[in-house]
């Protein structure tokens, strides 16, 4: 009897629970609609106001009487708060559309809607809008106490003295030092009333021995002069060293002091926070040779002869700690730093050329392995007959190949640094004419856009007041594939740095080190 | 017995299927305090502004009277005419209560009659508290707690939103937005040091600006560390190393 009551109870409750649903008989026996889009490429590159964009997609649907509506729109995936821009509504094809969008990389969306069923389909492509100033090669050079940029676009057309042309002024300085990239930089001339903020953009930071500026990549115009780049204008004379990005912060050095801001959160992009040496506020002076490490960049304090870590979330530098088996203390090692660089992005391997403070004739190549704030240093003592001993220019190979390139007696060498001591070999190259004044390895492996990938050794020479720069393709072993250059630039002035740019470039596309 | 239970359950369940009618507020007009209008629909902001600080140090020294505002809301229908409301002071134990006519103007002062009204066609009013600069404020903080008093126009709303508290002083008062993570432990000496060194008030407005961006936070933290270091190492200063009112070393 109890079992019977339980069964009745269960049946009764089940009936009650389902009784609130009303069967309206509105069943749908039609297969799910499938809209397919074809005929659109994954990537388009256009020059702003020059190239036109034409798309002729094919649309198919398994719904017989489909009536489609079409929209083309773009958005910047890095700026989700900004509204998408609509390119076209209502027509299937995009015909000879002149692209006037601001130069950057967009997501191009083609949206199809069956107005009878409401079913939608999307196709996503990459739209790369370039200008005459943001896809090509910049040469940072100095001449007669002033520094400027020359630009070569992808067709090889040259624009000389871009800053003078675009902004009517140039950098002060005897030496063009380094040209790096900053992203999410607040453009003081592009105020967005909707968000009550300055729009963010990508900038170049050309840095000379006496000046630096923030230059908008898409226009080549100066956004901020050196004093304007800081929350508190630094005292003159200026002596910047390098602008470089860390994991969170954008840094710059001036007179050996380091300042930073956070690009993603800073409304004004002003270098504000200043790092002190320690809580006793002891003086320090960082070398211009910055090593790109994780979690923080690493630099060398020339006053205390110490390697220090540069945090972007503190008010003090962090002293490095000696690792087990180190042959040179990371702190107070009584050395002068002649040069230093990082092997790659987020790498733990860094290299330096150092000399003894007491006896400058004692020179070493230091191999630094840095894990966090712990440094293990191995030394390769350089003999006076080693070409590296008297080298004037250095450049690390930033790929996996363990080479240090250097210039000695106007010849370019590659030194294997896979072991101690290193082994030198002269590179067989048809060098640019004149005294070699510039050396750089430029390396990028862009899987998404292979056209931006490169592995080149750049050599620049000065002949009178004219520069000649040649770029040599390197093979997988880090040696020139040919003695002939694949790149060739000529112009006036002494070359200090060369940078390949494109709209999607970031502060870490190329290793922000030496 | 079981059939009775089954019948009762069936009745309850079947009754649950009936449409519920919309509730319409038909009660009397009621008043309660709340946050600023832009946060009125943000649940976590309900109790913002329950406590406010005001110091005459934050205004020019010749200013003898100032006004602090609170937000008041009414439930029920809006009216075509202004409707007066009533406030009264709550005397608290264990604090120094502000004195009407000395530290603030009495809510029943006939001159303020027109100020304490819910405007016509509105369900929101700014409640002005007129604070008076008295010499006694320079030695300590005074607390004014006040609550809504029922009158012929309004009854009382949510009992937890009936009152507001204002700390009035002529000395530095801990800003509501003070961040221990940024500036360390609060003390009046530290606050005064920050004001003296920068010429800024370091009230809620300044702290909000300083904390608007991570790098600005580190900028100010670093700047105060350096200013304090320089102060403590200046032989002209006799009170070094700087200690707060409880004898604790001031640190940033």
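Just so you know, all these numbers are worked out from the coordinates, no wet-lab data involved. Remember, it's a predicted structure, so these values are computed and weren't measured experimentally. Glycine gets a Cβ as well: all are built from the backbone with ideal geometry, and neighbour counts include every protein chain shown.
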- Calculated FRET efficiency, residue A:420 and residue B:114, Cβ-Cβ r, R0 60 Å, to nearest 0.05? 0.10
- Report the FRET efficiency, 1/(1 + (r/R0)^6), for residue A:465 and residue A:227, where r is their Cβ-Cβ distance and R0 is 35 Å, rounded to 0.05. 0.75
- Once you've got the GNM for chain B with C-alpha springs shorter than 10 Å, pick whichever of B:238, B:152, B:88 has the biggest mean-square fluctuation. B:238
- Query: Quick one: what does P(r) look like for region B:136-252 with 10 Å bins over all Cα pairs, in whole %?
  - Reply: 11, 35, 26, 16, 8, 3, 1
- Can you give the angle from 0 to 90° between the axis of helix B:214-232 and the longest principal axis of chain B, with both taken from C-alpha atoms, to the nearest 10? 40
- Message: Quick check of the Kirkwood formula: for chain A, what is the inverse mean of 1/r over all pairs of different Cα atoms, in Å?
- Response: 26.0
- Query: In deg cm²/dmol and to the nearest 500, what is the mean residue ellipticity at 222 nm of chain B if only DSSP H runs of at least 4 residues count, each as -39500 (n - 2.57), divided by the residue total?
  - Reply: -6500 deg cm²/dmol
- Query: Hey, what D do you get for region A:35-130 in µm²/s if you plug the Kirkwood alpha-carbon radius into Stokes-Einstein at 20 °C and 1.002 mPa s?
  - Reply: 154
- Query: When Cβ neighbours within 10 Å are restricted to other protein chains, what is their mean count per residue of peptide B:227-236?
  - Reply: 1
- What is the fewest-to-most order of B:71, B:62 by other Cβ atoms lying within 10 Å of their Cβ? B:62, B:71
- Query: Which percentage, to the nearest 5, of the DSSP beta bridges contained in chain A is antiparallel?
  - Reply: 95
- Query: Given R₀ = 25 Å, FRET efficiency for residue A:316-residue A:174 by Cβ-Cβ distance, to 0.05?
  - Reply: 0.15
- Grab the DSSP H runs of chain A that are 4 residues or longer, score each as -39,500 (n - 2.57), total them, divide by all residues and round the 222 nm result to the nearest 500 deg cm²/dmol. -1500 deg cm²/dmol
- Relative contact order [Cα under 8 Å, 6+ residues apart], chain A, whole percent: 10
- Distance in nm between label sites at residue B:152 and residue A:98, each 7 Å beyond Cα in the beta-carbon direction? 7.4
- Please tell me the relative contact order of region B:136-177 in percent, rounded to the nearest whole number, where contacts are Cα pairs under 8 Å and at least six residues apart. 54
- In whole angstrom, how far apart do the alpha carbon centroids of region A:289-328 and region B:99-129 sit? 61
- Note on the structure: Within the set B:101, B:222, B:157, GNM on chain B using Cα springs under 10 Å gives the largest fluctuation to B:222
- Message: Could you tell me the ratio Rg/Rh of chain B? Both radii from Cα atoms, Rh via Kirkwood.
- Response: 1.15
- Task: Would you mind pulling out the separation of the Cα centroids of region A:348-382 and region A:456-514, in Å?
- Result: 27
- Query: Starting at 0 and stepping by 10 Å, how many percent of the alpha carbon pairs of region A:326-458 end up in each bin?
  - Reply: 12, 40, 33, 13, 2, 0
- Query: Where is the GNM fluctuation largest for chain B (alpha-carbon springs, 10 angstrom cutoff): B:144, B:177, B:72?
  - Reply: B:177
- Task: Using only Cα atoms, tell me the angle between helix B:188-198 and the longest principal axis of chain B; keep it within 0 to 90° and round to the nearest 10.
- Result: 70
- Message: If neighbour count is taken as other Cβ atoms inside 10 Å, put A:9, A:73, A:137 in order from fewest to most.
- Response: A:9, A:73, A:137
- Note on the structure: Residues A:381, A:147, A:370, A:444 in order from fewest to most other beta-carbon atoms within 10 Å are A:381, A:444, A:370, A:147
- Item | Distance from region A:230-254 to region B:200-252 (C-alpha centre basis), Å | 24
- Measuring from the longest principal axis of the C-alpha atoms of chain A, the long axis of helix A:2-18 (C-alpha) lies at a number of degrees, nearest 10, equal to 80
- Estimated inter-spin distance, residue A:42 and residue B:136, nm [label 7 Å along Cα→Cβ]: 7.9
